[in-house]
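Below: the structure, in structure tokens.
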């Protein structure tokens, strides 16, 4: 696994460089808001809906228990995934900042996988399987609930990802800034449309395993509070490196904001007026509750 080079400004740009200044949109970008993920049991720790809590501390700053509902949900972050692939509108850049870090040697790194190069180097048999599934036209259905159950299957045994609408995005996409094709898969990918369930599950697993190979992975070792990582979700996957001994012992307080994609294909195969449910981990396992929903693209969901 390759360590990532640190810049003088402590900003790390893994794999996909930012587009040249002349190509960046002048208006403030739409930012993914977290309103629909809130519940009576989980309130904002910050003043801004545009900040996503990616850490392991509670409202008072205490480290959460490894047996808590939130800890089980956080396990989904240890699987390679693409931010917001479960949303109808694709994400572009994510910015992740460290506020508090566990001691060195206890884990907590963030890893990135180069999904463009992984697609370019698909072995012949896997390329043939992808072609048989529809090739460049193959559509995948994404769900946040799926990645949560995948990472903690016993805890989320009663969670049915198919009970809610899923976001539909093509598996092979053009990365607009570079023009290179990208393999858009990851842990949120529930199934490939048009395939029998078993065949779909097998192909999804093979594609995800291919991208996650060590030769495509960069590891970012957080060094100090204030470190910031910026990446492009349209050409990389990422995960919180699993297996750290800091869990349940030391704070890893990371805060993220994610920008909506403004490219022509940002909405994938989705209706722009679709209503999507939030994921409330306090309703599981075996609990039923009202989902908080937001309409994608409204002022409450995307804020500049």
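Residues in the stretch 234-254: is at least one at positive phi and either buried (at least 22 other Cβ atoms within 10 Å of the Cβ) or not in a loop (DSSP other than H, G, I, E, B) (or both)? First the steps, then the outcome.
Within the stretch 234-254, the subset at positive phi is 243, 248.
Going one step further and asking which of them are either buried (at least 22 other Cβ atoms within 10 Å of the Cβ) or not in a loop (DSSP other than H, G, I, E, B) (or both), we end up with none.
Scanning the stretch 234-254 turns up no residue that is at positive phi and either buried (at least 22 other Cβ atoms within 10 Å of the Cβ) or not in a loop (DSSP other than H, G, I, E, B) (or both).
Is the stretch 67-75 home to any residue that is at pLDDT 90 or above and part of a strand (DSSP E or B)?
no
Looking at 85, 94, which is the one that is assigned to a strand (DSSP E or B), in contact with a strand residue (DSSP E or B) (Cβ under 6 Å, 6 or more places away or on another chain) and modelled with pLDDT of 95 or more?
Among 85, 94, only 94 is assigned to a strand (DSSP E or B), in contact with a strand residue (DSSP E or B) (Cβ under 6 Å, 6 or more places away or on another chain) and modelled with pLDDT of 95 or more.
Could you tell me how many of the residues in the stretch 154-198 are free of Cβ contacts under 8 Å to residues at least 60 places away in the same chain and touching a helix residue (DSSP H, G or I) at 6+ places or on another chain (Cβ under 6 Å)?
So the count comes out to 5.
For the structure I just gave you, tell me whether residue 168 is over 21 Å from residue 217 (Cα atoms), within 19 Å of the chain's Cα centre (by Cα) and at pLDDT 95 or above.
Considered against the rule, which asks whether it is over 21 Å from residue 217 (Cα atoms), within 19 Å of the chain's Cα centre (by Cα) and at pLDDT 95 or above, residue 168 comes out as yes.
Within the stretch 269-291, is even one residue crowded, with 16+ Cβ neighbours inside 10 Å and either within 19 Å of residue 96 (Cα to Cα) or at pLDDT 95 or above (or both)?
Yes - at least one qualifying residue is present in the stretch 269-291.
The values are calculated or read from the model by the stated rules, or taken from the named source; none is laboratory data. It should be emphasised that the depicted structure is a prediction, and the values quoted were computed from it without experimental measurement. Glycine gets a Cβ as well: all are built from the backbone with ideal geometry, and neighbour counts include every protein chain shown.
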